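*Asks:* Got a structure here, written out as structure tokens. Questions coming.
Only the coordinates and a few stated rules stand behind these numbers; no lab work does. Treat the numbers as computed from the prediction; the structure is a model and nothing was measured. With ideal geometry, Cβ positions are generated from the backbone for all residues, glycine too; neighbour counts draw on all protein chains shown.
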């Protein structure tokens, strides 16, 4: 579910002092995109899932990366993406990393 090596690599690259802020920024942007998609699923595009996948990959959120890959592929094939799977993977990731990121707002 979580690639802890990747998450810790990001922490080491950024430095402990800035890690929580940077991680929270990624998560906030992802949360906002998911809320936009949930409000009007018909507007979902492959680019939305590409964006989410990139942010998830930076944080090592492996299951979310996989769900975003599937959503992007569905959009590119002209099929509706499984937004629930992406939202569920995001929620599960937030729970899994809650202790690793101080002050994490894990609401969706």
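*Asks:* Suppose each label sits 7 Å from its Cα in the direction of the beta carbon; what would the residue 73-residue 5 distance come out to in nanometres?
*Replies:* 2.3 nm
*Asks:* On to the next question. Counting pairs of alpha carbon atoms under 8 Å apart in space and at least six apart in sequence, what relative contact order in percent does region 1-79 give? Show your work: numbers first, answer last.
*Replies:* Values: 63 pairs, mean separation 32.1, N = 79.
After rounding, I find 41 percent.
*Asks:* Here's a follow-up. Based on alpha-carbon atoms only, what is the radius of gyration of the chain relative to the globular estimate 2.2 N^0.38 Å?
*Replies:* For the chain, the normalised Cα radius of gyration is 1.04.
*Asks:* So what is log10(I(q)/I(0)) for region 59-108 at q = 0.14, 0.16, 0.21 1/Å, when the Debye sum runs over its Cα atoms only?
*Replies:* Values returned for q = 0.14, 0.16, 0.21 Å⁻¹ are -0.39, -0.48, -0.71.
*Asks:* How would you order 27-34, 4-11, 73-80, 58-65 from highest to lowest mean count of nearby Cβ atoms within 10 Å? Before the final figure, lay out the partial values.
*Replies:* On the way: 27-34: 16.8, 4-11: 14.5, 73-80: 12.1, 58-65: 21.8.
Top of the packing list down: 58-65, 27-34, 4-11, 73-80.
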